[in-house]
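See below for the structure under consideration.
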Amino acid sequence: MSKILIIEDDAGIRRGLGDALRVAGYTVTSQSDGFGGLKAAIDQRPDLLVLDLMLPGLSGYEICRQLRSDGNQVPIIMLTARAEEMDRVLGLNLGADDYLTKPFSMPELIARVQAVLRRTRPDSAAPVSLSFGNVVVDFLRFEAQKAGNTVPLSRKEFGMLRSLATRDGIVVRREELLDEVWGEDEYPSTRTIDNHVASLRSKLEDDPGSPRHLLTMHGVGYRLVRDP
(Lines give C-alpha, C1' and ligand atoms only; values in the text may rest on other atoms or scores of the structure.)
Protein backbone atom coordinates (compact mmCIF):
# COMPACT_ATOMS: atom_id res chain seq x y z
CA MET A 1 0.00 0.00 0.00
CA SER A 2 1.49 3.34 -1.06
CA LYS A 3 2.33 5.92 1.61
CA ILE A 4 1.44 9.55 0.95
CA LEU A 5 2.65 12.56 2.92
CA ILE A 6 0.48 15.68 2.82
CA ILE A 7 2.20 18.99 3.61
CA GLU A 8 -0.57 21.59 3.86
CA ASP A 9 -1.11 24.35 6.47
CA ASP A 10 -4.89 24.68 5.99
CA ALA A 11 -6.42 22.23 8.49
CA GLY A 12 -9.66 21.77 6.55
CA ILE A 13 -7.91 21.04 3.27
CA ARG A 14 -5.41 18.78 5.03
CA ARG A 15 -8.21 16.79 6.66
CA GLY A 16 -10.21 16.52 3.42
CA LEU A 17 -7.17 15.35 1.46
CA GLY A 18 -6.33 12.77 4.09
CA ASP A 19 -9.86 11.39 4.22
CA ALA A 20 -10.12 11.11 0.43
CA LEU A 21 -6.74 9.40 0.06
CA ARG A 22 -7.45 6.93 2.87
CA VAL A 23 -10.77 6.00 1.28
CA ALA A 24 -8.86 5.44 -1.97
CA GLY A 25 -6.66 2.92 -0.15
CA TYR A 26 -3.51 4.88 0.68
CA THR A 27 -1.65 5.21 3.97
CA VAL A 28 -1.56 8.92 4.83
CA THR A 29 0.47 11.12 7.17
CA SER A 30 0.50 14.91 7.25
CA GLN A 31 2.44 17.99 8.31
CA SER A 32 1.27 21.60 8.63
CA ASP A 33 4.50 23.57 8.14
CA GLY A 34 7.51 23.60 5.87
CA PHE A 35 10.22 22.56 8.31
CA GLY A 36 8.19 19.64 9.71
CA GLY A 37 7.19 18.67 6.19
CA LEU A 38 10.76 18.52 4.93
CA LYS A 39 11.86 16.44 7.92
CA ALA A 40 8.94 14.04 7.46
CA ALA A 41 9.66 13.74 3.73
CA ILE A 42 13.22 12.66 4.56
CA ASP A 43 12.51 10.49 7.60
CA GLN A 44 9.28 8.76 6.54
CA ARG A 45 10.31 8.00 2.95
CA PRO A 46 6.79 8.35 1.53
CA ASP A 47 5.90 7.10 -1.94
CA LEU A 48 4.46 10.50 -2.89
CA LEU A 49 4.18 14.06 -1.53
CA VAL A 50 1.10 16.26 -1.86
CA LEU A 51 2.81 19.59 -1.27
CA ASP A 52 1.25 23.02 -0.78
CA LEU A 53 3.42 25.89 -2.01
CA MET A 54 2.55 28.61 0.50
CA LEU A 55 3.63 27.18 3.88
CA PRO A 56 4.86 28.69 7.14
CA GLY A 57 8.60 28.23 7.57
CA LEU A 58 9.82 26.76 4.31
CA SER A 59 7.80 27.20 1.13
CA GLY A 60 6.82 24.25 -1.01
CA TYR A 61 9.27 25.50 -3.62
CA GLU A 62 12.13 25.33 -1.11
CA ILE A 63 11.11 21.86 0.10
CA CYS A 64 11.09 20.62 -3.48
CA ARG A 65 14.43 22.29 -4.23
CA GLN A 66 16.13 20.80 -1.16
CA LEU A 67 14.81 17.31 -1.77
CA ARG A 68 15.92 17.30 -5.39
CA SER A 69 19.33 18.81 -4.61
CA ASP A 70 19.89 15.96 -2.11
CA GLY A 71 18.98 13.39 -4.76
CA ASN A 72 15.58 12.56 -3.27
CA GLN A 73 13.30 11.70 -6.20
CA VAL A 74 10.06 11.16 -4.27
CA PRO A 75 7.15 12.02 -6.62
CA ILE A 76 5.62 15.43 -5.82
CA ILE A 77 2.22 16.90 -6.64
CA MET A 78 2.19 20.63 -5.86
CA LEU A 79 -0.93 22.44 -4.65
CA THR A 80 -1.46 26.18 -4.75
CA ALA A 81 -4.10 28.85 -4.95
CA ARG A 82 -1.88 30.73 -7.39
CA ALA A 83 -2.72 30.03 -11.02
CA GLU A 84 -0.07 32.07 -12.82
CA GLU A 85 1.78 30.15 -15.51
CA MET A 86 5.20 31.12 -14.14
CA ASP A 87 4.35 29.56 -10.76
CA ARG A 88 3.56 26.28 -12.46
CA VAL A 89 6.69 26.45 -14.57
CA LEU A 90 8.89 27.17 -11.54
CA GLY A 91 7.42 24.27 -9.60
CA LEU A 92 7.89 21.84 -12.47
CA ASN A 93 11.40 23.10 -13.16
CA LEU A 94 12.32 22.47 -9.53
CA GLY A 95 11.33 18.85 -9.99
CA ALA A 96 7.62 18.55 -9.20
CA ASP A 97 5.82 15.80 -11.11
CA ASP A 98 2.40 17.45 -11.35
CA TYR A 99 0.55 20.59 -10.33
CA LEU A 100 -3.00 21.27 -9.11
CA THR A 101 -4.53 24.72 -8.62
CA LYS A 102 -7.04 25.23 -5.80
CA PRO A 103 -9.93 24.69 -5.78
CA PHE A 104 -9.84 21.17 -7.22
CA SER A 105 -12.06 18.12 -6.89
CA MET A 106 -11.02 15.12 -4.82
CA PRO A 107 -11.63 12.70 -7.73
CA GLU A 108 -9.22 14.77 -9.84
CA LEU A 109 -6.61 14.64 -7.07
CA ILE A 110 -6.97 10.86 -6.75
CA ALA A 111 -6.61 10.50 -10.51
CA ARG A 112 -3.46 12.65 -10.51
CA VAL A 113 -1.98 10.65 -7.60
CA GLN A 114 -2.61 7.39 -9.42
CA ALA A 115 -1.14 8.71 -12.66
CA VAL A 116 2.02 10.02 -10.99
CA LEU A 117 2.58 6.80 -9.05
CA ARG A 118 2.02 4.79 -12.20
CA ARG A 119 4.56 6.86 -14.14
CA THR A 120 7.20 6.93 -11.45
CA ARG A 121 6.86 3.44 -10.06
CA PRO A 122 5.30 0.99 -12.52
CA ASP A 123 2.93 -1.58 -11.10
CA SER A 124 4.37 -4.91 -10.13
CA ALA A 125 3.63 -7.93 -12.31
CA ALA A 126 -0.02 -8.88 -12.43
CA PRO A 127 -0.86 -11.69 -9.99
CA VAL A 128 -1.43 -15.25 -11.18
CA SER A 129 -4.01 -15.92 -8.48
CA LEU A 130 -6.28 -14.09 -6.08
CA SER A 131 -8.14 -15.00 -2.90
CA PHE A 132 -10.55 -13.00 -0.76
CA GLY A 133 -13.30 -14.14 1.57
CA ASN A 134 -14.31 -17.60 0.35
CA VAL A 135 -13.32 -16.83 -3.25
CA VAL A 136 -10.26 -18.24 -5.05
CA VAL A 137 -9.37 -17.13 -8.59
CA ASP A 138 -6.74 -18.73 -10.85
CA PHE A 139 -5.86 -16.27 -13.62
CA LEU A 140 -3.70 -18.77 -15.51
CA ARG A 141 -6.46 -21.37 -15.84
CA PHE A 142 -9.30 -18.82 -15.93
CA GLU A 143 -11.01 -20.62 -13.06
CA ALA A 144 -12.92 -19.13 -10.14
CA GLN A 145 -14.42 -20.80 -7.10
CA LYS A 146 -16.64 -19.56 -4.30
CA ALA A 147 -16.93 -21.75 -1.22
CA GLY A 148 -15.49 -24.62 -3.28
CA ASN A 149 -18.00 -24.27 -6.10
CA THR A 150 -17.02 -23.25 -9.63
CA VAL A 151 -18.21 -19.78 -10.63
CA PRO A 152 -18.46 -19.02 -14.36
CA LEU A 153 -16.76 -15.71 -15.20
CA SER A 154 -16.29 -14.09 -18.58
CA ARG A 155 -12.85 -13.15 -19.93
CA LYS A 156 -13.65 -9.50 -19.27
CA GLU A 157 -14.61 -10.27 -15.66
CA PHE A 158 -11.32 -12.14 -15.15
CA GLY A 159 -9.51 -9.18 -16.68
CA MET A 160 -11.21 -6.70 -14.37
CA LEU A 161 -10.43 -8.79 -11.30
CA ARG A 162 -6.80 -9.04 -12.35
CA SER A 163 -6.51 -5.28 -12.86
CA LEU A 164 -8.05 -4.63 -9.45
CA ALA A 165 -5.85 -7.27 -7.79
CA THR A 166 -2.71 -5.74 -9.31
CA ARG A 167 -3.44 -2.47 -7.47
CA ASP A 168 -4.03 -4.35 -4.17
CA GLY A 169 -6.52 -2.06 -2.46
CA ILE A 170 -5.93 1.10 -4.51
CA VAL A 171 -8.82 2.66 -6.42
CA VAL A 172 -8.72 1.96 -10.16
CA ARG A 173 -10.44 4.53 -12.35
CA ARG A 174 -13.11 3.37 -14.79
CA GLU A 175 -11.06 4.74 -17.68
CA GLU A 176 -8.06 2.66 -16.61
CA LEU A 177 -10.18 -0.50 -16.50
CA LEU A 178 -11.50 0.26 -19.97
CA ASP A 179 -7.96 0.73 -21.32
CA GLU A 180 -6.54 -2.37 -19.66
CA VAL A 181 -9.41 -4.82 -20.16
CA TRP A 182 -11.08 -3.62 -23.36
CA GLY A 183 -8.10 -1.98 -25.06
CA GLU A 184 -7.96 0.62 -27.80
CA ASP A 185 -9.86 -1.40 -30.39
CA GLU A 186 -13.11 -1.38 -28.44
CA TYR A 187 -15.05 1.68 -27.35
CA PRO A 188 -17.52 0.80 -24.59
CA SER A 189 -18.77 3.43 -22.16
CA THR A 190 -17.80 3.63 -18.51
CA ARG A 191 -21.27 2.28 -17.78
CA THR A 192 -19.95 -1.03 -19.11
CA ILE A 193 -17.54 -1.12 -16.15
CA ASP A 194 -20.38 -0.54 -13.69
CA ASN A 195 -22.38 -3.38 -15.24
CA HIS A 196 -19.44 -5.80 -15.05
CA VAL A 197 -18.76 -4.89 -11.43
CA ALA A 198 -22.43 -5.51 -10.62
CA SER A 199 -22.13 -8.91 -12.31
CA LEU A 200 -18.96 -9.77 -10.37
CA ARG A 201 -20.63 -8.78 -7.10
CA SER A 202 -23.63 -10.97 -7.86
CA LYS A 203 -21.31 -13.94 -8.44
CA LEU A 204 -18.64 -13.42 -5.78
CA GLU A 205 -19.99 -11.32 -2.90
CA ASP A 206 -21.99 -12.93 -0.09
CA ASP A 207 -24.31 -9.92 -0.09
CA PRO A 208 -24.07 -8.12 -3.47
CA GLY A 209 -26.18 -5.24 -2.16
CA SER A 210 -23.63 -4.56 0.59
CA PRO A 211 -20.31 -5.61 -0.94
CA ARG A 212 -17.29 -6.14 1.31
CA HIS A 213 -14.61 -6.75 -1.32
CA LEU A 214 -15.53 -5.00 -4.59
CA LEU A 215 -15.99 -1.43 -3.41
CA THR A 216 -17.02 1.77 -5.18
CA MET A 217 -15.39 5.17 -4.84
CA HIS A 218 -18.10 7.39 -6.27
CA GLY A 219 -17.03 9.51 -9.18
CA VAL A 220 -13.70 7.72 -9.53
CA GLY A 221 -13.81 3.93 -9.86
CA TYR A 222 -13.45 0.71 -7.91
CA ARG A 223 -11.04 -1.05 -5.58
CA LEU A 224 -10.62 -4.61 -4.36
CA VAL A 225 -10.34 -5.19 -0.62
CA ARG A 226 -9.19 -8.69 0.27
CA ASP A 227 -9.73 -8.60 4.04
CA PRO A 228 -11.97 -5.74 5.22
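The values are calculated or read from the model by the stated rules, or taken from the named source; none is laboratory data. All of these numbers come straight from a predicted model, not from anything done at the bench. We place every Cβ from the backbone using ideal geometry, glycine too, and count neighbours over all the protein chains shown. These accessible areas exclude ligands, DNA and RNA; they are computed on the full protein's heavy atoms, side chains included. Shrake-Rupley method; radii C 1.70, N 1.55, O 1.52, S 1.80 Å.
Between residues in the stretch 97-114 that are touching a residue at least 40 places away in the same chain (Cβ under 8 Å) and closer than 11 Å to VAL220 by Cα and residues that are surrounded by fewer than 17 Cβ atoms within 10 Å (Cβ to Cβ) and among the acidic types (Asp, Glu), which pairs lie under 9 Å by C-beta distance while being six or more apart or on different chains?
Between residues of the stretch 97-114 that are touching a residue at least 40 places away in the same chain (Cβ under 8 Å) and closer than 11 Å to VAL220 by Cα and residues that are surrounded by fewer than 17 Cβ atoms within 10 Å (Cβ to Cβ) and among the acidic types (Asp, Glu), the close pairs are MET106/ASP19; ALA111/GLU175.
Residue-by-condition table, conditions (1) among the charged types (D, E, K, R); (2) touching a strand residue (DSSP E or B) at 6+ places or on another chain (Cβ under 9 Å):
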| residue | (1), (2) |
| --- | --- |
| GLY169 | no, yes |
| ARG191 | yes, no |
| LEU200 | no, yes |
| ASP207 | yes, no |
| PRO211 | no, no |
| GLY219 | no, no |
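Of the numbered conditions (1) hydroxyl-bearing (Ser, Thr, Tyr); (2) under 25 Å from THR190 (Cα atoms); (3) in contact with a strand residue (DSSP E or B) (Cβ under 8 Å, 6 or more places away or on another chain), THR150 satisfies every one except a single condition; which is it?
(2)
If we scan the stretch 165-180, do we find a residue that is free of Cβ contacts under 8 Å to residues at least 40 places away in the same chain and basic (Lys, Arg)?
Scanning the stretch 165-180 turns up no residue that is free of Cβ contacts under 8 Å to residues at least 40 places away in the same chain and basic (Lys, Arg).
Go through (1) assigned to a helix (DSSP H, G or I); (2) open to solvent by 50 Å² or more (accessible area, probe 1.4 Å) for MET54 and report which single condition fails.
Tallying (1) assigned to a helix (DSSP H, G or I); (2) open to solvent by 50 Å² or more (accessible area, probe 1.4 Å), MET54 fails exactly one: (1).
Does any residue of the stretch 81-96 turn out to be touching a helix residue (DSSP H, G or I) at 6+ places or on another chain (Cβ under 9 Å), touching a residue at least 60 places away in the same chain (Cβ under 8 Å) and either under 30 Å from GLU62 (Cβ atoms) or open to solvent by 20 Å² or more (accessible area, probe 1.4 Å) (or both)?
No, the stretch 81-96 contains no residue that is touching a helix residue (DSSP H, G or I) at 6+ places or on another chain (Cβ under 9 Å), touching a residue at least 60 places away in the same chain (Cβ under 8 Å) and either under 30 Å from GLU62 (Cβ atoms) or open to solvent by 20 Å² or more (accessible area, probe 1.4 Å) (or both).
Looking only at residues in the stretch 178-228 that are touching a Pro at 6+ places or on another chain (Cβ under 7 Å) and not in a loop (DSSP other than H, G, I, E, B), which one is modelled with the lowest pLDDT?
TRP182
Find the residue count for the stretch 1-43, including only residues that are surrounded by fewer than 16 Cβ atoms within 10 Å (Cβ to Cβ), part of a loop (DSSP other than H, G, I, E, B) and of a type outside the set (Asp, Glu).
Looking only at that region, the number is 1.
Filter the stretch 196-216 down to the residues that are under 17 Å from ARG162 (Cα atoms) and open to solvent by 30 Å² or more (accessible area, probe 1.4 Å) and list them by number.
Listed by number, the residues that qualify are HIS196, ALA198, SER199, ARG201, LYS203, LEU215, THR216.
What is the residue count in the stretch 135-161 for residues that are at negative phi, loosely packed, with under 12 Cβ neighbours inside 10 Å and part of a loop (DSSP other than H, G, I, E, B)?
3
ALA165 - would you say it is open to solvent by less than 20 Å² (accessible area, probe 1.4 Å) and out of contact with any helix residue (DSSP H, G or I) (no Cβ under 9 Å at 6 or more places or on another chain)?
Yes.
(1) open to solvent by 60 Å² or more (accessible area, probe 1.4 Å); (2) part of a loop (DSSP other than H, G, I, E, B); (3) over 16 Å from LYS203 (Cα atoms): which one isn't true of ALA126, the others all being true?
Evaluating ALA126 over (1) open to solvent by 60 Å² or more (accessible area, probe 1.4 Å); (2) part of a loop (DSSP other than H, G, I, E, B); (3) over 16 Å from LYS203 (Cα atoms) leaves (1) as the failure.
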